[in-house]
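I have placed the structure first, in the form of structure tokens, so that the comments after it can refer back to it.
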Amino acid sequence: MTNPFQYAPAPESRSIVDVAPSHGLFVDGEFVDGTGTPFKTVNPATEEVLSEIACASDADVDRAVKAARRAFTRTWGPMRPADRGKYLFRIARLLQERAREFAVLESLDNGKPIRESRDVDVPLAAAHFFYHAGWADKLDWAGLGPGPRPLGVAGQVIPWNFPLLMLAWKVAPALATGNTVVLKPAETTPLTALLFAEVCRQADLPPGVVNIVTGAGETGRAVVEHADVDKVAFTGSTEVGRSIARAVAGTRKRLTLELGGKAANIVFDDAPVDQAVEGIVQGIFSNQGHVCCAGSRLLVQENVHDEVIASLQRRIGTLRLGDPLDKNTDIGAINSAEQLARIRELVDVGEAEGAHRWQPACELPDRGFWFPPTVFTEVSPAHRIARDEVFGPVLSVLTFRTPDEAVAKANNTTYGLSAGVWTEKGSRILAVTDRLRAGVVWANTFNKFDPTSPFGGYKQSGYGREGGRQGLAAYLEGAQ
Amino acid sequence: MSDRLAVRKTYKLYLNGAFPRSESGRTYEVTDARGGFLANAAQASRKDARDAVVAARAAFGTWSGATAYNRGQVLYRVAEVMEGRHAQFCEEVAAGEGLSSSRARAAVDAAIDRWVWYAGWTDKLGAVLGGANPVAGAYFDFSLPEPTGVVAVLAPQRSSLLGLVSVLAPVLAGGNTAVVVTSRARPLPAVTLGEVLATSDLPGGVVNLLTGDAGELGPWLAEHDDVDAVDLAGAPADRAMELERLAAGSIKRVVRPPAEEPDWSADPGLGRLTPFLETKTVWHPMGL
């Protein structure tokens, strides 16, 4: 039966962004050439080259760190805290003023639906600056011990899944606490960070306070290993996090890591199924599942398994995959060919190991990187799709009978970033969340974020928190 | 002066609530500050360390699941029972560290008082470190500190009792369980502390005390996948980097060793509690 309610195309205009054919590094308040070999960033939805990006060599990173050190010593460090706060308020306002431009650029470079970049990524990024702006002159009241002081130069390396938002999570608390920053955006998504550099200039932020060095893993390594960096903050894979922890070992550098996850989303038999299904969909298919805290393991109570899966499949059938700039799009493009290959590999392994794959009838565009929403049932806890982070729109479904079994299965992972619980029974929510070994637990909701709410993992999902009073500690000397 | 021949103590490990010898059968000679014989201490092996981790993991659910009030009472009980053995601790600390009796007494007093300080923290951490987060939406959102899990502690080498208590008590106050490698040269107060812990309503396995060499046992604990955090307070200075690198394998929380052993009598603050606490944040929608 054909659906009588067809959607007409509703593309957001990309005329609001003017992507320069090439981009330099942002060092000491100026855009400068890099001395590494430039690379191209593409639109993952079309494979169109968007721009050529400078690559920062060790020498470029050294210049950026020196600029950050100078700014820390001469301008930003000695500045009155209230004035530091006012710069951050300015940045928050500029992000709001240019929100649509950031949203379109983010969707172009990353492949995420404009609905998400417009309604989630960019507003939350602005909110993080606004929130942290207020902390700048109130650190003595943060309850982190007497006389907290900035650490100095923060070297920050961020991933491609929420390029601007992760920048905000890193830069806002670092600046609010009086540190200066050398930030390396992800190789495949550098454009909004470079637009952010323009915002820093519009805000008249003193040169060197924020430096942005684009490049791949080698540039990130140069930032992490630079001897004059006082603090390293990384968001990305557990594997890279391990190597960073090794590189930082034996130095004076402070380290926070926000790494992978394999979150359990637990649905009890008394949960309102329609709400739970919305939460499951939001948990694993938003941002194409490129979310470290994605609810990638659905633990559903055995007696409602069939009902929940049927409802879930019906709902997935209505998701619209395609042009990220279309305002009706639910699922955009996979960020890179490399990530698409990894998703395909793990999905193949899932089938080979005996799980049952289900995908809706879903037309994929001819060009670009795409993967349809995928649900695996009959998954056993030993399957790789139940253990490894796929970082794609792939849900693994397991069942349980008792709350104890649900908790045991949920905690049966080396990760501990997030989890979800769906039940109408309040006492069960509190008992289960108490026993889940995860840094963020969403009860009867999923994938909610806020600058006032600390985020970060247990176990091999990393250490340190971002957001809230707790997040400030990562950037303060003597914080307890 | 009685001519009665004293009954000497056999100094053993404290592991899973019992006092076994090292499975390796190894012992080493412990001397006083002037080189005189004090005892043969058990020299814990890699296998002992692994057994201790198993015991600490098994005890974690009970200890972390106990109410904060209960944990506070148990830690206070440790102070009470230590007080009863005050003279014995003074003697062992004075002999091992070569302190005058008054300085040994000061160290023991401070060690007992440290338990009292941390006993009082257990039911305040949630309020001081956690709270409600005013998120921009119709949600109730709160954050609470929770214990990290199993913590491996390389205890200070010089301060055999006050230093040990200063690193162990905060780990326990937060609800973690511990595997401790004691001061190699001065292990006797630690063994006596084990006897105190065993009679203070602390569940077996919550604290495991291994006498032996931090340089030998440290790497096994630092790379053990079921250890969540390591405190390198007493790590050999030239081994700290290696231990931190090993700990990176399973993303352990690491407390680096100080450049030199600090004055443990200083106000401890929260600096040894927070490294072994995780923040858990819970969201729930609000609606009619």
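Read-outs throughout are calculated quantities, based only on the coordinates presented, and are distinct from any laboratory measurement. Computed from a prediction, not measured in an experiment: that's the story for all the values here. Neighbour counts are summed over all protein chains in view; Cβ atoms, including those assigned to glycine, are modelled from backbone coordinates with ideal geometry.
Of the three principal axes defined by the Cα atoms of the protein assembly as shown, the extents in descending order read 104, 65, 46 Å. Axis angle, to the nearest 10 degrees, between helix A:99-110 and the longest C-alpha principal axis of chain A: 70 degrees. Taking every DSSP bridge with both residues inside the stretch B:27-285, close to 50 percent are antiparallel.
Over all alpha-carbon pairs in the stretch A:69-173, figure out the percentage whose distance exceeds 19 Å. For the stretch A:69-173, the fraction of Cα-Cα distances above 19 Å is 50 percent. In degrees from 0 to 90, rounded to the nearest 10, what is the angle of the helix A:58-71 Cα long axis to the longest principal axis of chain A? With rounding to tens, the tilt is 70 degrees. Other residues within the sphere of radius under 13 Å centred on the Cβ of B:Ser143, judged by their own Cβ, net out at -2 (K and R +1, D and E -1).
Here is the list for the stretch B:212-288: GluC sites (Glu not before Pro) lying in DSSP coil, each with at most 11 other C-beta atoms within 10 angstrom of its C-beta, are B:Glu260. Among the GluC sites (Glu not before Pro) within the stretch A:1-75, those in coil by DSSP and having at most 12 neighbouring Cβ atoms inside 10 Å are A:Glu47. Applying Stokes-Einstein at 20 °C and 1.002 mPa s to the Kirkwood radius of chain B, computed over alpha-carbon pairs, gives a translational diffusion coefficient of 111 µm² s⁻¹. Where both bridge residues fall in the stretch A:264-443, DSSP classifies roughly 10% of the beta bridges as antiparallel. Note on B:243-253: average number of Cβ atoms from other chains within 10 Å of each residue's Cβ is 6. DSSP beta bridges confined to the protein assembly as shown are antiparallel in about 40 percent of cases.
Averaged over the residues of A:432-439, the number of partner chain Cβ atoms lying within 10 Å of the residue Cβ comes to 4.
With helices as the sole contributors, chain A gives -11000 deg cm²/dmol at 222 nm; each DSSP H run of n ≥ 4 counts as -39500 (n - 2.57), and the sum is divided by every residue. Potential lengthening of the chain between A:Asp140 and A:Ala20 amounts to 38.9 nm, from the contour at 0.36 nm per residue minus the alpha-carbon distance. The simple spin-label model puts a point 7 Å past each Cα toward its Cβ; for A:Thr35 and B:Lys47 those points are separated by 5.8 nm. Counting Lys and Arg as +1 and Asp and Glu as -1, what is the net charge of the other residues whose Cβ lies under 13 Å from the Cβ of A:Arg435? Value of the local net charge: 0.
Bridgeable lysines around A:Lys112 (alpha carbons under 18 Å apart, same-chain partners fewer than 8 residues away excluded): A:Lys327, A:Lys448. Here the Kirkwood formula puts the hydrodynamic radius of the stretch A:264-443 at 16.4 Å, using every distinct Cα pair. In the distance distribution for the stretch A:61-123, Cα-Cα pairs more than 15 Å apart total 64 percent.
Multiplying each eigenvalue of the alpha-carbon gyration tensor of the stretch A:28-92 by 5 and taking the square root yields semi-axes of 32, 19, 7 Å, largest first, rounded to whole angstroms. Counted by Cβ distance under 12 Å from A:Asn43, the other residues give a net charge of -1, where Lys and Arg count +1 and Asp and Glu count -1.
Rounded to whole Å, give me the distance from the Cα center of the stretch B:1-49 to that of the stretch A:129-155. If we compute the Cα centre of each part, the gap is 49 Å.
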